[in-house]
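Undergrad: Pasting a structure here, questions to come.
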Amino acid sequence: MSQREPGEGADAAGASPRSGDSHEEIIRQDTGLVWGVKESFLAYVSRWPGSSVSLAPGSGQLLDGRFYFAPDPLTPPGGFWFRGGFRLQAHGGLLDLSMADPRVEASGVHLHLTGETWNEGTWERLRFADLDWPADQRDKAAGLVDTGDSAVRTITVAARLHPDATALFDETYSAGEGLAPLIIRSHQGSGPRST
């Protein structure tokens with residue numbers, strides 16, 4: 001568990017309401033995580049009348065619907081931890097999905113995307129996705145980008161729904177079903193280590 005509460009500074013479900021102004025300023029960040037959960041799911045939520053998307057500090061939503069998470073300053077060496085969160089609601093609250101403070105974490109030789117989710121009045125960290133980390137990042141659309149003061153690499157990681165997270169989608173999607181890829185931009189030399 002982190003040294004702070006998940007979604008710190010956010011409401012009880014880990015997200016603060018996003019302004020309805022579609023012309024909000026977008027601030028480019030050199031590092032962080034961009035993830036679109038599942039494109040068809042986000043499209044479904046956006047089409048539903050009365051649906052809402054709320055964001056916690058440290059996160060944002062891109063024009064294409066994907067979510068941005070800022071790097072977590074408490075990230076241990078070799079880790080990929082991020083701050084921020086989102087909450088998606090539709091069907092008068094029957095659909096209610098939240099995720100805060102995502103991390104890439106190792107379990108043996110496997111890597112997972114984990115996040116805090118609001119479950120029956122408490123925060124619970126669970127595995128959202130199994131990750132297929134690129135073995136040779138040069139062959140997997142990853143690379144170095146000069147930001148002026150240090151090298152930043154971009155890593156594209158395939159993701160599949162973890163069995164622990166199927167209930168969050170009301171069992172609509174099966175374990176192992178493809179999710180949106182993770183786009184991670186990090187300073188050269190950082191990254192997860194499997195044990």
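The values are calculated or read from the model by the stated rules, or taken from the named source; none is laboratory data. The model shown is predicted, which means the values in this text are computed figures rather than measured ones. Cβ sites come from the backbone with ideal geometry, for glycine too, and all protein chains shown count toward neighbours.
Okay, residues lined up against (1) among the acidic types (Asp, Glu); (2) at pLDDT 90 or above; (3) over 17 Å from the mean Cα position of the chain (by Cα); (4) over 24 Å from Asp132 (Cβ atoms):
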{"residue": "Asp21", "(1), (2), (3), (4)": "yes, no, yes, yes"}
{"residue": "Leu62", "(1), (2), (3), (4)": "no, yes, no, no"}
{"residue": "Pro71", "(1), (2), (3), (4)": "no, yes, no, no"}
{"residue": "Arg83", "(1), (2), (3), (4)": "no, yes, no, yes"}
{"residue": "Phe86", "(1), (2), (3), (4)": "no, yes, no, no"}
{"residue": "His91", "(1), (2), (3), (4)": "no, no, yes, yes"}
{"residue": "Ser98", "(1), (2), (3), (4)": "no, yes, no, yes"}
{"residue": "Ser107", "(1), (2), (3), (4)": "no, no, yes, no"}
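Undergrad: Identify the residue in region 44-64 that is assigned to a loop (DSSP other than H, G, I, E, B) and of a type outside the set (Asp, Glu) and, among all such residues, is farthest from Trp81 (Cα to Cα).
TA: Result: Pro49.
Undergrad: For the subset of region 80-102 comprising residues that are closer than 17 Å to Leu62 by Cβ and aliphatic (A, V, I, L, M), which member is surrounded by the fewest Cβ atoms within 10 Å (Cβ to Cβ)?
TA: Leu88
Undergrad: Taking strands (runs of 3 or more DSSP E) that fall entirely within region 69-132, which contain at least 2 residues that are of a type in the set (Asp, Glu)?
TA: 95-107, 122-132
Undergrad: Another question about this same structure. Please find, among Trp118, Trp133, Trp123, the residue that is within 17 Å of Gly78 (Cα to Cα) and either exposed (fewer than 12 other Cβ atoms within 10 Å of the Cβ) or at pLDDT 85 or above (or both).
TA: Among Trp118, Trp133, Trp123, only Trp133 is within 17 Å of Gly78 (Cα to Cα) and either exposed (fewer than 12 other Cβ atoms within 10 Å of the Cβ) or at pLDDT 85 or above (or both).
Undergrad: On to the next question. Scan Ala100, Ala43, Ala70 and give me the residue that is within 19 Å of Thr156 (Cα to Cα) and either among the small types (Gly, Ala, Ser) or in contact (Cβ under 8 Å) with a residue 60 or more places away in the chain (or both).
TA: Step by step, each of Ala100, Ala43, Ala70 is checked, and only Ala70 is within 19 Å of Thr156 (Cα to Cα) and either among the small types (Gly, Ala, Ser) or in contact (Cβ under 8 Å) with a residue 60 or more places away in the chain (or both).
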